[in-house]
1. Go over the candidates VAL112, VAL50, VAL45 one by one and state the one that is at pLDDT 95 or above, farther than 27 Å from ALA148 by Cβ, part of a helix (DSSP H, G or I) and in contact with a Pro (Cβ under 6 Å, 6 or more places away or on another chain).
2. When the residues of the range 212-226 are narrowed to those that are among the aliphatic types (A, V, I, L, M) and open to solvent by 10 Å² or more (accessible area, probe 1.4 Å), which ends up farthest from the ligand (Cβ to nearest atom)?
3. Since GLN236 meets every condition but one in (1) surrounded by 18 or more Cβ atoms within 10 Å (Cβ to Cβ); (2) under 18 Å from GLY62 (Cα atoms); (3) out of contact with any strand residue (DSSP E or B) (no Cβ under 7 Å at 6 or more places or on another chain), which condition does it not meet?
4. Looking at the structure I just gave you, is ALA156 under 21 Å from ALA63 (Cβ atoms), of a type in the set (A, V, I, L, M, F, W, C) and away from the ligand (no atom under 16 Å from the Cβ)?
5. Within the set of pairs 6+ apart or on separate chains, which have a first residue in the range 151-164 that is touching a residue at least 24 places away in the same chain (Cβ under 8 Å) and within 14 Å of LEU229 (Cβ to Cβ), a second that is in a loop (DSSP other than H, G, I, E, B) and among the small types (Gly, Ala, Ser), and C-beta atoms under 6 Å apart?
6. For the range 78-103, give me each residue that is open to solvent by less than 20 Å² (accessible area, probe 1.4 Å) and either hydrophobic (A, V, I, L, M, F, W, C) or more than 19 Å from ILE160 (Cα to Cα) (or both).
7. Inspect all residues belonging to the range 235-243 and state whether any of them is part of a loop (DSSP other than H, G, I, E, B), under 17 Å from the mean Cα position of the chain (by Cα) and near the ligand (Cβ under 10 Å from one of its atoms).
8. Of the residues GLU178, GLU182, GLU190, which is open to solvent by 10 Å² or more (accessible area, probe 1.4 Å), part of a helix (DSSP H, G or I), closer than 21 Å to ALA252 by Cα and among the charged types (D, E, K, R)?
Amino acid sequence: MPASVVAGNWKMNTTVSEAAALAAGIRDGAAAAGNVELVLCPPFVSLAAVRDAVKGSAVKVGAQNMHFQESGAFTGEVSPGMLKGLCDYVIIGHSERRQMFGETDESVNNKVKAAQAAGLKPILCVGESLEQREQGKASDVISGQIRAGLQGVSDASDLIVAYEPIWAIGTGQAATPEIAAEIMGAAIFETLRGIFSGAADNVPLLYGGSMNASNSGEFAAQDCIHGGLIGGAALQAEQFLAVAAAVAAAKA
Ligand code: 13P
């Protein structure tokens, strides 16, 4: 079974000092949360402060994005090499980046490959829109995003996949565990199996979208869900730790 993982995507929230304080609060409660890998993904400018705050603990750090080139004339961008030493993980292809910042399956694919080449662990995000779901296209959209995002990728050992239905993000309207499991256990898992064969069995699959301390246990009770990618509920240490504890308990 894959490791249990609860990652906090802080999005464009927290100043550097707020980020350090939030990370310290999570660090202090992490051991009590149980057997689950915690990953904190603050804005770029707070990566160093969060890394320092969690130093010596089991809490890990991730970035929310990166460019796939190593250096050059890409104003405002951050390269894989620049992230080395600051974090272990990087979120790639979040739907907010796909929708608002022109991220495509092709750039997502380039970023996954660049992350792995740099020794960073990609958290590949996929998810369908409400319109796509209503048209009955959710499974096809998700398998397509996985296949395109992982084209030419042969190593599944450091990979995490997050299923975040766009209609469930920030809406307070989470998917049901059954809806999530239908996509994750079938479309995602079967597509990963087709690419990686047996190595797919060890890829952690995270649900994301209005996940909180009240519903995370039900999601993690599904065999094919190994944790969560948390937005709003990741911005308070107590709530985030409660999500982690619920996931750890469901997987124990
Ligand atoms: P919310 O938990 O705020 O719905 O956000 C989910 C998300 O987008 C995490 O990446």
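The values are calculated or read from the model by the stated rules, or taken from the named source; none is laboratory data. Because the structure is predicted, anything quoted here is derived from the model rather than measured. All Cβ positions, even for glycine, are placed from backbone atoms using ideal geometry, and neighbour counts span all protein chains on display. With ligands, DNA and RNA removed, areas are computed over all heavy atoms of the protein, side chains included. Shrake-Rupley method; radii C 1.70, N 1.55, O 1.52, S 1.80 Å.
1. It is VAL50.
2. ALA221
3. Result: GLN236 passes all but (1).
4. yes
5. Within 6 Å, the pairs are GLU164/GLY127; GLU164/GLY209.
6. Matches in the range 78-103: SER79, LEU83, CYS87, VAL90, ILE91, ILE92.
7. Residues of the range 235-243 that are part of a loop (DSSP other than H, G, I, E, B), as a first pass: 235-236.
Keeping just the survivors that are under 17 Å from the mean Cα position of the chain (by Cα) gives 235.
When the remaining residues are screened for being near the ligand (Cβ under 10 Å from one of its atoms), the result is 235.
Yes.
8. GLU178
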